[in-house]
Amino acid sequence: MPIHRLADQLVNQIAAGEVVERPAAVVKELVENSLDAGATRIDVEVVGGGLDAIVVRDDGGGIPQAELALALAAHATSKIATLDELEAVGSLGFRGEALASILAVARFSLASRTAEAAHGWQVGGAGAASGATPEPVAMPCGTKVEVHDLFFNTPARRKFMRQPATERRHVEQRLRCLALARPEVAFGFSSDARRVLEFARAAGTVALEARVNAVCGKEFLTNALAIDEARAGLRLYGWVGLPAFARNQADLQYLFVNGRVVRDKLLGHALRRAYADVLHSTRYPAFVLYLELDPARVDVNVHPAKTEVRFRDAATVHDFMLGAVHGAIRRARPDAEQHRVETFALPARSTGVAGAEDTPRAPPAGGGFSYSAPYRAGLALGRPGAGMGVGDWALADAVRRLEVPADSVPAAAEGDGNYALGRPLAQLLGVYILAENRGGLVLVDAHAAHERVLYERLKRQLAAGAIPSQALLVPESVRLGDDEIERLLAEREKLGRLGFRFDRSGPESILLRGVPPLIAHTDCSALLAELASGSAEGDSRHLFDEALDAQERVLANVACKAAIKANRHLTLAEMDALLRDMERTERSGQCNHGRPTWVQIGMPELDRLFLRGR
């Protein structure tokens, strides 16, 4: 086939494929136009998931009659006029492609009225992007856009659309994003004549919180940490969910850059890093975050859909977001409600239970607990056994001398001996610690809890400099395969900062000369062999994965291998020491892999189990 020019209609349809991928994309473009026009209320209606009809109404500034037909032409916009304006664009739309792209693949009508006009004007068509003659129409001030028979002239594209219910959900999700971006604007959404969403206009200092509460639900804000940090011309504010509030899918993640909904790999990586050691690999964090910076520092003209951005100083933005979110999670202290176990549902009433009280027994005063009180460095150090840490019964002398920073120690209970995690009662099945606090019972996974305690101590040592190495009285020979030895030698400098000292002593052996004091009591030869073999797995737990912080990954693996194992008998003193160490440790609610370390079973749950008060 010889080279030839494509027909304008085909060119428009090809261009529309980048902008109009599904009904939700049409809604996004039209609603963003309404927001740029200064609308205070936007109503969206769809029929058949948006494939049959989409109607968007707003009360914005409107389009003058003389510009109405031009608005349908490709690359016609009121947002920018020069390259300088493009590089610092603040509006949501600027390419002048949306209406022309929609018109190329649907039957379309546009009606608008300005405040100065006596009535509105309407123009439309199906495939004719220019040359249409506006006609008068009675309507209130604002704009109304109707899109019918989406992809009517591109049947192959329509064939790939999902069921109407699926497309409706995509539209609804897109509107939720836009509603979060602009809390001062009221939004309404109807599908097949049924009202689906209604977000009232919020005003004042609590406007954003009210909108987040309406879109994400009260449960999110109850289990979220507020963030508001600024540095180097960047500001990040919003909410990040607690690790205990993690989701099975990424359905509660909203990220905005200068008010624009974005999907950005750089920011996504920063968020994953922030949650890396408190979230299980199969769980997803919840967040609503707003990043603000000079528009000249971010390029929004990356993709026609404008959902991707590129930062001029990407490393600065990445580190700022990572530090802000990581710091918020680090400063958080677990609450009993966030770790509460919900028991199975029971009937509202039950008969034939002898001896049950008429009313549920109230838990003791002050039931439940929170770490929200100011921290104090002296955590009951004067009481017998209270100052004992894990290092006093299991770790090396160097660890016993490890100082705990004052700002990482939660407030101790008053002199009555009531601690946040309570006093230990027994060890269950060689795995769990059963304790009692003022709120009821506490179940602790001993291995997971000890793992977090060791991990945080190793990180503090690493942050203070290289972890010291404790020389072995008799160096140990470790037999390994040639590939494993090569991997260890390649990472010797990095492992040296972690306290491991070793040399090759033969074709298939390593001579281990020194180990981190924190794990001197463990089988260090076996641990080094596990590190060598683990680094060859090549999966998400790759020890030296450069995409993450390799050193912290090694620390996490070392802590996991060195933590107390199942079926190890613990005395009450040892269990008490572990509980006290947990209270002194940041992020002790999850182990390094994101599994919970403890749960609270409150008195109401226990009463329900035994039908008390029914």
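Whether a residue is more than 36 Å from the chain's Cα centre (by Cα) and at pLDDT 80 or above was assessed, and ARG487 does not pass this test. Against the conditions (1) loosely packed, with under 15 Cβ neighbours inside 10 Å; (2) modelled with pLDDT of 90 or more; (3) over 29 Å from CYS177 (Cβ atoms), THR133 satisfies every one except (2).
Could you please find all residues in segment 35-80 being part of a strand (DSSP E or B) and more than 20 Å from ALA25 (Cβ to Cβ)? Residue satisfying the conditions is ARG41 alone. Residues that are within 22 Å of LEU110 (Cα to Cα) and either modelled with pLDDT of 90 or more or small (Gly, Ala, Ser) (or both) within segment 151-173 comprise just one, VAL171. Every condition in (1) modelled with pLDDT under 90; (2) buried (at least 16 other Cβ atoms within 10 Å of the Cβ); (3) touching a strand residue (DSSP E or B) at 6+ places or on another chain (Cβ under 8 Å) is met by ARG273 except one, and the failing one is (3). For segment 173-192, the set of residues classified as surrounded by 18 or more Cβ atoms within 10 Å (Cβ to Cβ) and under 14 Å from VAL47 (Cβ atoms) consists of PHE189, SER191, listed by residue number. Among the listed residues ARG169, ARG235, ARG195, identify the single one that is outside the structural domain of LEU271 (by TED's automatic domain parsing), surrounded by fewer than 18 Cβ atoms within 10 Å (Cβ to Cβ) and part of a strand (DSSP E or B). So the residue among ARG169, ARG235, ARG195 that is outside the structural domain of LEU271 (by TED's automatic domain parsing), surrounded by fewer than 18 Cβ atoms within 10 Å (Cβ to Cβ) and part of a strand (DSSP E or B) is ARG195. On inspection, SER78 qualifies as at pLDDT below 70, closer than 19 Å to ALA39 by Cα, in the same structural domain as GLU29 (by TED's automatic domain parsing) and surrounded by 15 or more Cβ atoms within 10 Å (Cβ to Cβ).
All told, LEU527 falls short of being touching a Cys at 6+ places or on another chain (Cβ under 8 Å) and either over 17 Å from ALA562 (Cβ atoms) or aliphatic (A, V, I, L, M) (or both). Scanning segment 264-299 for residues that are in a strand (DSSP E or B) and more than 13 Å from the chain's Cα centre (by Cα) yields LEU291, GLU292, VAL298, ASP299. The single residue among ALA230, ALA210, ALA226, ALA202 that is small (Gly, Ala, Ser) and part of a helix (DSSP H, G or I) turns out to be ALA210. With the requirement that a residue be touching a residue at least 24 places away in the same chain (Cβ under 8 Å), out of contact with any strand residue (DSSP E or B) (no Cβ under 8 Å at 6 or more places or on another chain), farther than 20 Å from ASP277 by Cβ and among the aliphatic types (A, V, I, L, M), what does segment 459-508 give you? Once the filter is applied, which keeps residues that are touching a residue at least 24 places away in the same chain (Cβ under 8 Å), out of contact with any strand residue (DSSP E or B) (no Cβ under 8 Å at 6 or more places or on another chain), farther than 20 Å from ASP277 by Cβ and among the aliphatic types (A, V, I, L, M), segment 459-508 yields only ALA466. If only residues of segment 276-293 that are hydroxyl-bearing (Ser, Thr, Tyr) and surrounded by 15 or more Cβ atoms within 10 Å (Cβ to Cβ) are counted, the one that is modelled with the highest pLDDT is TYR290.
In this structure, GLY48 does not qualify as modelled with pLDDT of 90 or more and in contact with a Gly (Cβ under 8 Å, 6 or more places away or on another chain). Taking segment 135-159 as the range and being in a helix (DSSP H, G or I) and closer than 13 Å to LEU51 by Cβ as the test, the residues that pass are PRO155, ARG157, ARG158, LYS159.
Can you tell me which residues in segment 509-520 are touching a residue at least 40 places away in the same chain (Cβ under 8 Å) and either loosely packed, with under 14 Cβ neighbours inside 10 Å or in contact with an Asp or Glu (Cβ under 8 Å, 6 or more places away or on another chain) (or both)? If the condition is that a residue be touching a residue at least 40 places away in the same chain (Cβ under 8 Å) and either loosely packed, with under 14 Cβ neighbours inside 10 Å or in contact with an Asp or Glu (Cβ under 8 Å, 6 or more places away or on another chain) (or both), then LEU512, ARG513, PRO517 are the ones that fit.
The values are calculated or read from the model by the stated rules, or taken from the named source; none is laboratory data. Source: prediction; values computed, not measured. Using ideal geometry, Cβ is built from the backbone for each residue, glycine included, and neighbour counts are taken over all protein chains shown.
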